[in-house]
Each structure stands twice: as structure tokens, then as C-alpha cells.
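Q: Next up is a structure, given as C-alpha cells.
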């Protein structure tokens, strides 16, 4: 029996490595497919519908909070792809078991679906970044009646789910970068822009709808 133990441990280690790699491949395929649709195909559809792809780029000058929001957002997107690749390259992952990975898969799929639904609900107002010189319609219906930034909330859910599928340091760093980027983008860039463009309408809307979750982060005068 003692001679069999090393073989049993070896088989167990191989089985675990194969399972981890399987989850990493699933995370990578899902993430790349989601990124292509959320930014590539969505931009193509937007251009066909409105004549404008919706991309506005990074705001502010290098070193400003708005600039850091864009930089960290890009870093988070790259980190989302790098995390499963790192796992496939045998970067250590935290132990979690099948239940943790399955929970991550469920959250990832839910986040992706919510991202798509929220993007589509924005219609012609969908943008990546802000152009202070333009005026878009204020979207307040559907899920936007409860949450002012449902796209960002859905993206955070997706990133958290992917982090559970491939729980390594890169996934954690990507999630942190995304959360910081979203907070900066919303508070420093988008809310001041919307308040200046839509004035009383945005004041009334933001007093009733939460920032990222229903009822939380409502703005007051």
C-alpha cells in the first residue's frame, strides 16, 4: 500500500492539473468571445445603426484621474485574457474545487448576458469613453431605472466569475484594476459630464437610481 501511495498522489495531481487547464481553456474561450462581441461586434452594429462606432477613447491628460481610469480599464481587459493563459502556463492557482469553478462559470455567463442586455438597452447612446462636446440621450428606462451604470456592474460580475474559474494573482489584479477604473470613470468623468449636459433631468434621475446597485450610491443635491 505504501508503494501505491506515490502513484495515487501522482494520478490525483495529474487529474487536478487537467481539470484546472480545462477551466482555464473554458475561461479563455468565453472571455475572448465576450470581448469580441461586447466591443467589436457591438461597435459594428452601432456604426450600422447610427453611423458612429461609439468609441471615444481615454479622457484627460496623462497622470490625471480620468486618464488613469482609461489606462486601468485597458489593463483590466488585457488581464482578463492573461489570467487563463497564465494558468495554462502553470502559474499557481488557489485551491477551490469544482464548486468554486462552477460558481465562477455561472457568474461569468450571467455577467456576459447582463453586459449584452445593458449595452443593447443604451441604444444609440452607447459609448466607450466620453466626448465632452457631444450630447446623447439620457437613458433611464429598463434596468437603467434602477442602476445608472449596469454595464459596469455586469462587467465586474463577469470579471469576478472569471477570477473564480482561474483563481490566480493575475485574475485578482485584473478585477482590482477594473473596479478602480470603473469607480474613477464614473465619478470623475461620466457623472460630471451627465450632470453638466442633462442638468435637472440627471439630478432627478440620479436621486432615484443607484450608482452600481439598486438603492446604493444615489446622488443628492
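Q: Tell me, please, whether a residue that is within 23 Å of residue 214 (Cα to Cα) and in contact with a helix residue (DSSP H, G or I) (Cβ under 8 Å, 6 or more places away or on another chain) can be found in the stretch 166-173.
A: No: the stretch 166-173 contains no residue that is within 23 Å of residue 214 (Cα to Cα) and in contact with a helix residue (DSSP H, G or I) (Cβ under 8 Å, 6 or more places away or on another chain).
Q: I'd like the residue in the stretch 120-136 that is touching a helix residue (DSSP H, G or I) at 6+ places or on another chain (Cβ under 6 Å) and either modelled with pLDDT of 90 or more or not in a loop (DSSP other than H, G, I, E, B) (or both) and, out of all such residues, is surrounded by the most Cβ atoms within 10 Å (Cβ to Cβ).
A: Among residues in the stretch 120-136 that are touching a helix residue (DSSP H, G or I) at 6+ places or on another chain (Cβ under 6 Å) and either modelled with pLDDT of 90 or more or not in a loop (DSSP other than H, G, I, E, B) (or both), the one surrounded by the most Cβ atoms within 10 Å (Cβ to Cβ) is 121.
Q: Given the criteria closer than 22 Å to residue 117 by Cβ, under 17 Å from the mean Cα position of the chain (by Cα) and part of a helix (DSSP H, G or I), does residue 194 qualify?
A: No.
Q: Return yes or no: is residue 57 under 23 Å from the mean Cα position of the chain (by Cα), modelled with pLDDT under 90, exposed (fewer than 13 other Cβ atoms within 10 Å of the Cβ) and assigned to a helix (DSSP H, G or I)?
A: No: the conditions fail for residue 57.
Q: Another one. Can you run down the residue pairs with Cβ atoms below 9 Å, 6 or more apart or on separate chains, where the first is in the stretch 90-116 and without any contact (Cβ under 8 Å) to a residue 24 or more places away in the chain and the partner is surrounded by 16 or more Cβ atoms within 10 Å (Cβ to Cβ) and not in a helix (DSSP H, G or I)?
A: If the second residue must be surrounded by 16 or more Cβ atoms within 10 Å (Cβ to Cβ) and not in a helix (DSSP H, G or I), the pairs left are 95/167.
Q: Looking at the stretch 137-165, which of the residues that are outside any helix (DSSP H, G or I) and in contact (Cβ under 8 Å) with a residue 40 or more places away in the chain is farthest from residue 59 (Cα to Cα)?
A: If we take residues in the stretch 137-165 being outside any helix (DSSP H, G or I) and in contact (Cβ under 8 Å) with a residue 40 or more places away in the chain, then 146 is farthest from residue 59 (Cα to Cα).
The values are calculated or read from the model by the stated rules, or taken from the named source; none is laboratory data. These numbers come from a predicted model, not from an experiment. A quick note on method: Cβ atoms are made from the backbone with ideal geometry, for glycine too, and the neighbour counts reach across all protein chains shown.
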